[in-house]
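These notes concern the structure reproduced below.
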Amino acid sequence: MPKIEVYSTAVCPYCVVTKNLLKAKGLSWEEVRVDTDLAQRDIMLARSGGRRSVPQIFINNQHVGGYDDLVAADRSGKLAQWLGEVA
Ligand SMILES: N[C@@H](CCC(=O)N[C@@H](CS)C(=O)NCC(=O)O)C(=O)O
C-alpha cells in the first residue's frame, strides 16, 4: 500500500474533499493535524517548500501539493503512477 500523508486542520473544506477522493479510490492515509500540533506545521512547511495552505498531501514521501494538485494528478495519470497502479 502506498504511504499517503495528509496535513490538515479541523475546519478545512479542501481537506474534506481530499479525503473523500482518497476514500472513493479505496485508499487509506495518515492524517497529520497542523492546528493542534504546531511542530507538525513546521514540518509541513519544510516538506512542502513553504506552502501554508491545507491540505498538503504526500505520497510515498513525494510532495503532491494541495487538493487541486491531487485532482490534476488524477486527471493526468500521474496519481496512478505514484500509487503504483501503472508501470
Ligand atoms: N488550492 C488549494 C486551496 C487550499 C485552501 O484554500 N485551504 C484552506 C483551508 S480549506 C487554507 O489553508 N486556507 C488558509 C491559507 O491558505 O493559508 C488546494 O486545492 O488545496
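From the list 54, 64, the lone residue that is without any contact (Cβ under 8 Å) to a residue 60 or more places away in the chain and within 17 Å of residue 3 (Cα to Cα) is 64. Each residue in segment 59-81 was checked for being surrounded by 14 or more Cβ atoms within 10 Å (Cβ to Cβ) and closer than 13 Å to residue 15 by Cα, and 6 of them qualify. What number of residues within segment 30-48 satisfy the criterion of being open to solvent by 70 Å² or more (accessible area, probe 1.4 Å) and not in a helix (DSSP H, G or I)? So the count comes out to 4.
For residue 8, the stated conditions hold: it is surrounded by 14 or more Cβ atoms within 10 Å (Cβ to Cβ), touching an Asp or Glu at 6+ places or on another chain (Cβ under 7 Å), at negative phi and not acidic (Asp, Glu). When residue 52 is tested against the conditions (1) loosely packed, with under 13 Cβ neighbours inside 10 Å; (2) assigned to a helix (DSSP H, G or I), the lone failure is (2).
The values are calculated or read from the model by the stated rules, or taken from the named source; none is laboratory data. Just so we're clear, the structure is a prediction, and the values are computed from it rather than from any experiment. Virtual Cβ from ideal backbone geometry, glycine too; neighbours counted across all protein chains shown. Please note that ligands, DNA and RNA were not included when accessible areas were found on the heavy atoms of the full protein model with its side chains. Shrake-Rupley method; radii C 1.70, N 1.55, O 1.52, S 1.80 Å.
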